[in-house]
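Here's the structure, in structure tokens; my notes come after.
The values are calculated or read from the model by the stated rules, or taken from the named source; none is laboratory data. In this text, all values refer to a predicted model and were calculated from it rather than measured experimentally. Every residue, glycine as well, gets a Cβ built from its backbone with ideal geometry; the counts of neighbours run over all protein chains shown. Protein only, heavy atoms only, side chains kept; ligands, DNA and RNA dropped before computing areas. Shrake-Rupley method; radii C 1.70, N 1.55, O 1.52, S 1.80 Å.
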Amino acid sequence: MKTQHTELESLYRKRASGHWRDRLLRFIQPPLPYVMNPAEPKDMPMGRWNLYLGGAGLVVDGYVNVDLLAIAGVDVAADAEQLPFAADAFQRVECDAVLEHVRDPQRVMSEIRRVLAPGGYLHLVTPFCHPYHAYPNDFRRFSIEGLKELAGPMEIVAEGWRTGPTATLLVVVIEYIKLLLPFRAWRAVSHVLCGWVLFPLRYLDLLLLRSPEARRIGNHCYLWLRQPDP
Ligand SMILES: C[S@@+](CC[C@H](N)C(=O)[O-])C[C@H]1O[C@@H](n2cnc3c(N)ncnc32)[C@H](O)[C@@H]1O
């Protein structure tokens, strides 16, 4: 476990490093192989205290940033399965691409429900068809139905796909090509070249996400949930 944490910390440090080599690598990185679904709501109310789970390396203005790792951007280092906060402390909770990395998602959900005030909002985002990525582990994938099972008594306010079938196709093709290459340096070059060549296809998702069938090979899905008033 310690080695996994160290590897993840060194990945985050590289992302923020000012060394010329890391800066050059960041400069030539291709655009992301996905576009966000414009239909996903973003404007649920925030309160005085809001919680961002798993935001290592990110600046999350307006939130208390909690992550397993005590690194740049993190306000409180803690496990989401045991949050060090009082009941009803937060008005909004963001849990974006975290539930696949925790050992017990039911336990994380019950912790979130405990710290979320009545009438508060929870935003859940999880991968459905996406390559393995260890932060520091990768335990599972979720469909929208799977996320709803975790919602318990919370009210479902909105649901849908954040990133679509083309995102799935592109991330898999890029990983597949890297798999064929024997040397790390070749894989790094292929990642950059394939990324630049393929990224324009990502805009197809703006069309495909209009079809309900997109869920068959959707990339990441989301739910907005509301904590019931007593
Ligand atoms: C895939 S990253 C998502 C980062 C960010 N939300 C984003 O979308 O860019 C997952 C993050 O969750 C953190 N994490 C994993 N397990 C956790 C746990 N049990 N408690 C708190 N944070 C955790 C990892 O350290 C990592 O920073």
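First measure r as the distance between the Cβ atoms of TRP186 and GLU149, then evaluate 1/(1 + (r/R0)^6) with R0 = 41 Å and state the FRET efficiency to the nearest 0.05. Rounded to the nearest 0.05, the efficiency is 0.45.
Projecting the Cα atoms of ASN37, VAL64, PHE85 onto the charge dipole of the stretch 31-85 (Cβ charges, centred on the Cα centre) puts ASN37 farthest toward the positive pole.
Farthest towards the positive end of the charge dipole of the chain, among the residues GLY146, ALA117, TRP20, is the Cα of TRP20, using unit charges on the Cβ of Lys, Arg, Asp and Glu.
Hey, got a sec? Which chymotrypsin sites (Phe, Trp or Tyr not before Pro) in the stretch 147-185 land in a DSSP loop and have at most 16 other Cβ atoms within 10 Å? Intermediate values should be presented prior to the final figure.
Details: sites: TRP161, TYR176, PHE183; in loops: PHE183.
Within the stretch 147-185, the qualifying chymotrypsin sites (Phe, Trp or Tyr not before Pro) (loop, at most 16 other Cβ atoms within 10 Å) are PHE183.
3J(HN,Hα) couplings calculated from phi for the stretch 169-181 with the Karplus curve 6.51 cos²θ - 1.76 cosθ + 1.60 (θ = phi - 60°) are, in sequence order, 4, 5, 5, 6, 4, 4, 5, 5, 5, 4, 5, 7, 9 Hz; Gly and Pro show x.
Can you give the accessible area per residue of the stretch 1-69, in Å², using a 1.4 Å probe? Could the numbers behind the result be given before it?
Details: 4690 Å² over 69 residues.
Averaged over the residues of the stretch 1-69, the accessible area is 68 Å².
Under the convention that each Lys and Arg Cβ holds +1 and each Asp and Glu Cβ holds -1, the size of the dipole of the chain around its Cα centre is about 820 debye. Rounded to the nearest 10 degrees, what's the angle between the helix 105-115 long axis and the longest principal axis of the chain, both from Cα atoms, 0 to 90? That helix lies at roughly 50 degrees to the long axis. For the stretch 148-205, with all protein chains in place and a probe radius of 1.4 Å, 71% of the accessible heavy-atom surface sits on carbon or sulfur.
Between PHE139 and LEU208, full extension at 0.36 nm per residue minus the direct alpha carbon distance yields a gain of 22.0 nm.
If contacts are Cα pairs under 8 angstrom and at least 6 residues apart, what is the relative contact order of the stretch 1-87 in percent?
17
For ALA158 and VAL197, calculate 0.36 nm times their separation in residues minus their Cα-Cα distance, and state this gained length in nm to one decimal. Write out the running numbers ahead of the final one.
Numbers: separation 39, 0.36 × 39 = 14.04 nm, distance 3.42 nm.
Gain on extension, ALA158 to VAL197, equals 10.6 nm.
For TYR63, neighbours were defined as the other residues whose beta-carbon sits under 10 Å from its Cβ, and their charges (Lys and Arg +1, Asp and Glu -1) total -2. Give me Rg over Rh for the stretch 105-189, both radii from the alpha carbons and Rh done the Kirkwood way, two decimal places. Looking at the stretch 105-189, the ratio lands at 1.10. DSSP finds beta bridges in the chain, and of those with both partners inside it, around 50 percent are antiparallel. Inter-part distance, the stretch 51-95 to the stretch 145-179, computed on C-alpha centroids, equals 22 Å.
For the stretch 105-155, the share of alpha carbon pairs falling in successive 5 Å distance bins from zero is 4, 16, 27, 22, 17, 9, 3, 0 percent. Rg/Rh, computed from the Cα trace of the stretch 12-165 with Rh as the Kirkwood radius, has the value 0.97.
The residue list CYS221, TRP186, PHE128 was ranked by how far each Cα lies along the charge dipole of the stretch 81-230 toward its positive end, using unit charges on Cβ atoms, and TRP186 comes out on top. Peptide packing: for 53-60, 129-136, the average count of neighbouring Cβ atoms within 10 Å per residue gives the ranking 53-60, 129-136, highest mean first. Across the chain, C-alpha contacts under 8 Å between residues 6 or more apart give a mean separation that, scaled by the residue count, equals a relative contact order of 24 percent.
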